[in-house]
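What follows is a short report on a single structure.
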Amino acid sequence: MLELINVGVTLDGEDGKVEILKNINLKLDNKKIYVMTGPNGGGKSSVAKAIMGIFNPTSGKILLDGVDITHKPITERAQLGVGYAFQQPPRFKGLKVHELLELSAGKTHACSACDLLYDVGLCAQDYLNREINTTFSGGELKRVEIASILARDLKVALFDEPEAGIDLWSFQRLTETFENMNRNTDTTIVIISHQERILRLADEVIMIADGTVSEITSQEKVLSTIEQFDKNCRCAADCDREGYRNVNFA
Amino acid sequence: MLTSLDKNLLKEIADIDDIPKGAFNIRKNGQGIERNVTENINIVTKTDKPGIDIIIKPHTKDENVFIPVILSEGMDDLVYNTFEIGEYADVEIVAGCGIHNESDQKAQHDGVHEFFVRKGARMKYVEKHYGEGDGKGGRILNPKTIIEVEEDGVAELEMVQIKGVDETVRDTEVKLHKNARLIVSERMLTYLDQVAESNITVELVGDNSTAQVISRSVAQDDSKQIFHLNMRGHAECRGHIQCDSIIMHNAQVSSIPEITAFHGDAQLVHEAAIGKIASDQLIKLMSLGLTEKEAEDKILEGFLK
Ligand SMILES: Nc1ncnc2c1ncn2[C@@H]1O[C@H](COP(=O)(O)OP(=O)(O)O)[C@@H](O)[C@H]1O
Ligand SMILES: [Mg+2]
């Protein structure tokens, strides 16, 4: 179980300090899928980074199975079983897909790189020996990134907008992959997404806005709000109607 | 005779465990010590100055030539080698210099290599430089490489310096005739207070000649690197230089581009970048469980591969 208690993150920005997260309280159970959603800039990626240790909490506590990991470095959290698929993964000159997957899987985990790539809709033959350099498209890069997280044995797996740049067919595979992971492991799965198909996987939906948790709700409630919203309003992109604050799928 | 130390050096620079098969010439401490020639590849000692002529018959295919140089003591070694790659031959030449210097006297090897890649021939030239030993004497390597590629010829150069060379100035001059092609890939790592300079000048004189120079380097500690990569287009031609450096600690890197077109249809591009290791790359690998040091090593290893 992963617990965030009153977590706040303040960063030193160019114009002084910026508070990007405040009073985040979450209790995330094993073997559940949580979908985190909310307006752009609301703080979703920042929550994931605080859990991974990329952002250091300036207040509050993070507990993993009761162990305080609030101030543990990234490497140590990774070794304890936290994994994060970046929203914008980096490219690596000279590092091949199979090398990255081997790094992620570690020595103990006997994984098949081919299956991993298949799970994200990539053909292993075409990709295993390719360098993750500028010849990779955004969508290809995202899928390798997701595969690098699937390769690991994790207590907590965070996926940041995994659907970005992915075609429909692969998207179908990807949702099945999340379902399988949920069925076959005890991993706590957190998916940051705006996609209805992903929302439908959620045991709980966490709404993040203005740097904090605005609501924890069910997929039914979110989906019906969207439906209602679509009926009432044709200008979802920039609308001040009541209820919009909670369900901005821009 | 080859000692185990020599064999280790040979392994580092030419990736060979023992006396290679095919044509080779091993030079140690200023003298040729082992040589083999084949039906298609002849090696002859020069009579007017130190060095050898390597003559590869036209249409020779799938053969290798090894011409490593090793120094195991402090000394000044100077050598002139000339390579004649006959028409339509296709060969790989593995050169390289390894220095093991335990003395406090400098060990220096200056080599002048001249290549004639004849019509339609294809040559891959691999040159690795490596130094070791605890002596205070410097390990110094100054190679000069001059290449002329005739019509339809291809020259592919791989120049690598990863470890233990205190000072180097490498000069490379290439002339490309009609339809000739050049691919250069240079890899360099310097550390402590090593100094390295690489000057590459490519003259594209024939129509439809193409050249691609990719240089990647890592400068650590207090080391210094200077790159002058220069392309001159005298005909309808295409040239691309890409010079990428990772800088760490208190190192210094200068990358000085020069492209000159003497012809309206010359297309030349130069890209140069110097920067530290991208922090998102480090964070990504650390989030897979690597320590910061392991992540750094992995990134540099890939970059210099
Ligand atoms: N490294 C940073 N430095 C300063 N501000 C940041 C940094 N990263 C994110 N922010 C700010 O924090 C807020 C939340 O960002 P983010 O977590 O990326 O939102 P989301 O993922 O929900 O779109 C935004 O206003 C963003 O500009
Ligand atoms: Mg985000």
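A dipole drawn for the protein assembly as shown from +1 and -1 charges on Cβ atoms has a positive end, and of B:Asn8, A:Leu117, A:Ile132 the residue lying farthest that way is A:Leu117. Calculated accessible area for chain A comes out at 47 Å² per residue, all protein chains present (probe 1.4 Å; ligands, DNA, RNA ignored). Toward the positive end of the charge dipole of the protein assembly as shown, with +1 on the Cβ of Lys and Arg and -1 on the Cβ of Asp and Glu, the farthest Cα among B:Ile33, B:Ala211, A:Gly8 is that of A:Gly8. State log₁₀ I(q)/I(0) for the range B:188-241 at q = 0.25, 0.26, 0.31 Å⁻¹ as given by the Debye formula over alpha-carbon point scatterers of equal weight, solvent excluded. Here the Debye-derived log intensity ratios amount to -0.88, -0.92, -1.13. Buried accessible surface for the B/A chain pair comes to about 1800 Å², total over both chains, computed with a 1.4 Å probe. What is the antiparallel percent of DSSP beta bridges lying wholly in chain B, to the nearest 5? Antiparallel: roughly 5 percent of the beta bridges in chain B. Beyond 26 Å in Cα-Cα separation lie the following of the pairs A:Lys61/A:Lys93; B:Lys224/B:Lys276; A:Lys17/A:Lys61: A:Lys61/A:Lys93. For the range B:4-278, the Cβ-based charge dipole about the Cα centre amounts to some 180 debye (Lys, Arg positive; Asp, Glu negative; other atoms uncharged). Each peptide among B:245-253, A:141-149 gets the average number of other Cβ atoms lying within 10 Å of its residues, and from highest to lowest they stand as A:141-149, B:245-253. In a Debye calculation with equal point scatterers on the alpha-carbon sites of the range B:1-149 and no solvent, what is log10 I(q)/I(0) at q = 0.21 Å⁻¹? Ignoring solvent entirely, the Cα scatterers give -1.32. For peptide A:93-102, the mean count of partner chain Cβ atoms within 10 Å of a residue's Cβ comes to 4. Apolar share of the accessible surface for the range B:44-155: 46 percent from carbon plus sulfur atoms, 1.4 Å probe. Kirkwood hydrodynamic radius computed over the range A:92-206 comes to 14.5 Å, based on all pairs of distinct alpha carbons.
Kindly sort B:His228, B:His100 by accessible area of their heavy atoms, largest first, with the probe set to 1.4 Å.
Highest to lowest solvent-accessible surface, that is B:His228, B:His100.
For B:Lys11, no aspartates and glutamates have a Cα falling under 12 Å of its own Cα, not counting residues fewer than eight places away in the same chain.
Principal axis extents of the C-alpha atoms in the range A:9-159 (largest first, rounded to whole Å): 47, 36, 26. Computed over the range B:4-278, the range of Cα coordinates on each principal axis works out to 55, 52, 33 Å, biggest value leading. In the full protein context, the range B:4-278 carries 42 Å² of accessible surface per residue, based on a 1.4 Å probe and ignoring ligands, DNA and RNA.
Taking the Cα centre as origin and putting +1 on Lys and Arg beta-carbons and -1 on Asp and Glu beta-carbons, what dipole magnitude results for chain A, to the nearest 20 debye?
260 debye
Comparing the range B:115-272 with the 2.2 N^0.38 Å rule of thumb, its C-alpha radius of gyration ratio is 1.08 (two decimals). A convex hull fitted around the alpha carbon atoms of the protein assembly as shown yields 193 Å³ per residue. Placing +1 on the Cβ of every Lys and Arg and -1 on the Cβ of every Asp and Glu, with nothing else charged, gives the protein assembly as shown a dipole about its Cα centre of roughly 860 debye.
Averaging the Cα positions of each part gives two centres, and for the range B:32-73 and the range B:123-151 these lie 16 Å apart.
The values are calculated or read from the model by the stated rules, or taken from the named source; none is laboratory data. Since this is a predicted model, take the numbers as computed values, not measurements. All Cβ positions, even for glycine, are placed from backbone atoms using ideal geometry, and neighbour counts span all protein chains on display. In case anyone asks, the SASA skips ligands and DNA or RNA and just uses the protein heavy atoms, side chains included. Shrake-Rupley method; radii C 1.70, N 1.55, O 1.52, S 1.80 Å.
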